[in-house]
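J.: One structure is given below, represented as structure tokens, and several questions about it will come after.
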Amino acid sequence: LVNTIPFLNLGLAGFVLASIAARFIFPAVSMEGRTLWLLKSSPLPMRALLWSKFWIGTLPLLILAVGIVGVTDAMLEVTQFIFLVSIFTITLLTFAVAGLALGLGAVFPQYDTENAAQIPTSFGGLVFMMVSAGLVGGVVLLEARPVYGYLAAQTFGGVADPVDMYVGFGLAALLCLVCTFIPLTIAMRRLERLEL
């Protein structure tokens, strides 16, 4: 039970990350507003702008996420396997949620808004929260089988199936990488084609 709670805590931490990203990373492109034409006419490539926004938003989120998960795992004194799975998963989830937030924020911009707090409550913000919830749920479901197999093997003296480990964790990592890079690529193309 002590090793199961931190794994399920990843889902809660993922939803916390999504809500913070919706408030601070999702509006990043829209916040440029009427000054975006100035950035487009400057020698700064849109790729550099997008990646700088990604790292500025992601690094504090990553510190918070690893802190939450690390402190929870340390307080519960989990096994080293669960600790490593938790840190690995929350790191990939942070990158994926940040990539989704920035990418969907560029796909559903609100350049003319007066209040930045209204941007996350727009249609694009709703789409982002729904996709993020699906991402977090998908990652937890993909990792559930290998984690259960490991915990069952430890409890009953068996051996965990390595195929389950490779498939479950590999698919979870692939899902996170896809959700990181595809939205950013779409956002980059959208910003480059934008006519102001």
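J.: Looking at Gly125, Gly134, which one is more than 17 Å from Phe81 (Cβ to Cβ) and in contact (Cβ under 8 Å) with a residue 60 or more places away in the chain?
T.: None of the others qualify; the one that does is Gly125.
J.: Scan Leu151, Leu102, Leu142, Leu171 and give me the residue that is closer than 24 Å to Trp51 by Cβ and of a type in the set (A, V, I, L, M, F, W, C).
T.: Of Leu151, Leu102, Leu142, Leu171, the one residue that is closer than 24 Å to Trp51 by Cβ and of a type in the set (A, V, I, L, M, F, W, C) is Leu102.
J.: Can you pull out the residues in region 151-177 that are in contact (Cβ under 8 Å) with a residue 40 or more places away in the chain and open to solvent by 40 Å² or more (accessible area, probe 1.4 Å)?
T.: Those that are in contact (Cβ under 8 Å) with a residue 40 or more places away in the chain and open to solvent by 40 Å² or more (accessible area, probe 1.4 Å): Gln154, Leu175, Leu177.
J.: When region 151-196 is examined, which residues are found to be in a helix (DSSP H, G or I) and charged (D, E, K, R)?
T.: Asp164, Arg189, Arg190, Glu192, Arg193
The values are calculated or read from the model by the stated rules, or taken from the named source; none is laboratory data. Note that the coordinates shown come from a computational prediction; the quantities given were computed from them, not determined experimentally. Backbone-built Cβ (ideal geometry, glycine too); neighbour counts: all protein chains shown. Side chains are part of the model used for accessible areas, which takes the heavy atoms of the whole protein and leaves out ligands, DNA and RNA. Shrake-Rupley method; radii C 1.70, N 1.55, O 1.52, S 1.80 Å.
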